[in-house]
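Novice: Can you keep this structure in mind? I'll have questions shortly.
The values are calculated or read from the model by the stated rules, or taken from the named source; none is laboratory data. This one's a predicted model, so the numbers in the text were calculated from it and none came from an experiment. Here the Cβ positions follow ideal geometry from the backbone for every residue, glycine too, while neighbour counts run over all protein chains shown. Heavy atoms of the whole protein, side chains included, go into the accessibility calculation; ligands, DNA and RNA do not. Shrake-Rupley method; radii C 1.70, N 1.55, O 1.52, S 1.80 Å.
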Amino acid sequence: MKNYKTILFDLDGTLTDSSSGIINSIIYSMKKFGVTIEDTAPLRRFLGPPLHESFMDVFGFDSEKAMKAVEYYREYYTVKGIEENSVYEGIEDLLASLRLEGKRLVVATSKPQPFAEKIINDFGLNKYFDFVAGSNLDGTRSKKVQVIKYALKSCGIGDISQAVMIGDRMHDVAGAKEAGIDCIGVEYGYGDYNELESAGADYIVKTAEDLKALLCK
């Protein structure tokens with residue numbers, strides 16, 4: 001196990017459980033198109049990837065219609081959905097322990113940066129993080145590798161061999177690999193062991209407590 005000095009965290013499914021807010025925002029968006037969602041199970045595919053891509057993948061929208069769906073999504077999300085969220089058990093203890101050991105902590109999420117910053121601030125987690133990196137509201141810098149590279153550059157991290165990404169979906173693992181850093185997968189989020197293993201996660205843990213045991217001395 002390396003002694004990682006810089007630790008990047010995904011947000012949704014890793015630091016917080018935002019599934020209710022995301023799914024309710026999708027339901028609202030689809031109602032704008034006259035579509036009623038009876039079964040919400042397929043909507044869990046939205047938990048992780050960029051929204052624009054998910055609307056195309058799940059509903060077969062073209063790029064223009066997907067962008068409109070994102071606009072409708074944000075009508076609900078910015079008012080209600082963003083509040084339908086909670087911090088996973090053990091996360092704050094983990095973050096506090098890592099800071100005590102002098103680790104540099106960074107958020108790296110495909111969620112738009114202003115939303116990510118608000119969530120981190122509202123939960124009082126901002127005191128643990130040096131930087132919050134996210135996508136742009138116009139949909140650019142939404143791929144995980146782009147966010148990770150942006151985070152590393154913004155924090156002036158030249159030696160990426162001592163950096164690691166922590167996330168719950170294959171997109172986190174793929175983005176980390178493409179950016180040239182290790183990745184730890186967490187099973188308590190929206191992915192599962194098979195997904196994380198198949199994507200090539202360097203380590204996989206079940207709980208925040210397991211993460212603490214792995215990363216702290």
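Novice: Does residue 208 meet the test of being touching a Leu at 6+ places or on another chain (Cβ under 6 Å) and either more than 30 Å from residue 66 (Cα to Cα) or surrounded by fewer than 19 Cβ atoms within 10 Å (Cβ to Cβ) (or both)?
Specialist: So residue 208 fits the description; yes.
Novice: Take the residues in the range 123-140 that are within 12 Å of the chain's Cα centre (by Cα) and open to solvent by less than 10 Å² (accessible area, probe 1.4 Å), then tell me which one is nearest to residue 154 (Cα to Cα).
Specialist: Once the filter is applied, the top-ranked residue is 133.
Novice: I would also like to ask the following. Among the residues of the range 1-38, write down those that are more than 26 Å from residue 186 (Cα to Cα) and open to solvent by 10 Å² or more (accessible area, probe 1.4 Å).
Specialist: Within the range 1-38, the first condition is being more than 26 Å from residue 186 (Cα to Cα), and the residues that meet it are 27-38.
Within the range 1-38, 27, 28, 31, 32, 33, 34, 35, 36, 37, 38 meet the criteria.
Novice: Within the range 109-122, count every residue that is out of contact with any Phe, Trp or Tyr (no Cβ under 7 Å at 6 or more places or on another chain) and open to solvent by less than 70 Å² (accessible area, probe 1.4 Å).
Specialist: 9
Novice: In the range 65-117, which residues are in contact (Cβ under 8 Å) with a residue 40 or more places away in the chain and hydroxyl-bearing (Ser, Thr, Tyr)?
Specialist: 72, 73, 76, 77, 86, 88, 97, 109, 110, listed by residue number.
Novice: I need the helices (runs of 4 or more DSSP H) fully contained in the range 38-137, keeping only those with at least 3 residues that are under 20 Å from residue 215 (Cα atoms).
Specialist: 91-100
Novice: Within the range 166-181, identify whether any single residue is assigned to a strand (DSSP E or B) and either open to solvent by 50 Å² or more (accessible area, probe 1.4 Å) or under 15 Å from residue 105 (Cβ atoms) (or both), and answer yes or no.
Specialist: Looking for residues that are assigned to a strand (DSSP E or B) and either open to solvent by 50 Å² or more (accessible area, probe 1.4 Å) or under 15 Å from residue 105 (Cβ atoms) (or both), one finds at least one in the range 166-181, hence yes.
For (1) closer than 20 Å to residue 135 by Cα; (2) polar (S, T, N, Q), each residue gets a yes or a no:
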residue: 3; (1), (2): no, yes
residue: 13; (1), (2): yes, no
residue: 21; (1), (2): yes, no
residue: 25; (1), (2): yes, yes
residue: 32; (1), (2): no, no
residue: 69; (1), (2): yes, no
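Novice: Starting from the range 159-187, keep only residues that are of a type in the set (D, E, K, R), then list their pairs with residues that are open to solvent by less than 10 Å² (accessible area, probe 1.4 Å) and modelled with pLDDT under 95 whose Cβ atoms are within a distance under 9 Å, requiring at least 6 positions of separation or different chains.
Specialist: The qualifying pairs are 168/47; 169/47.
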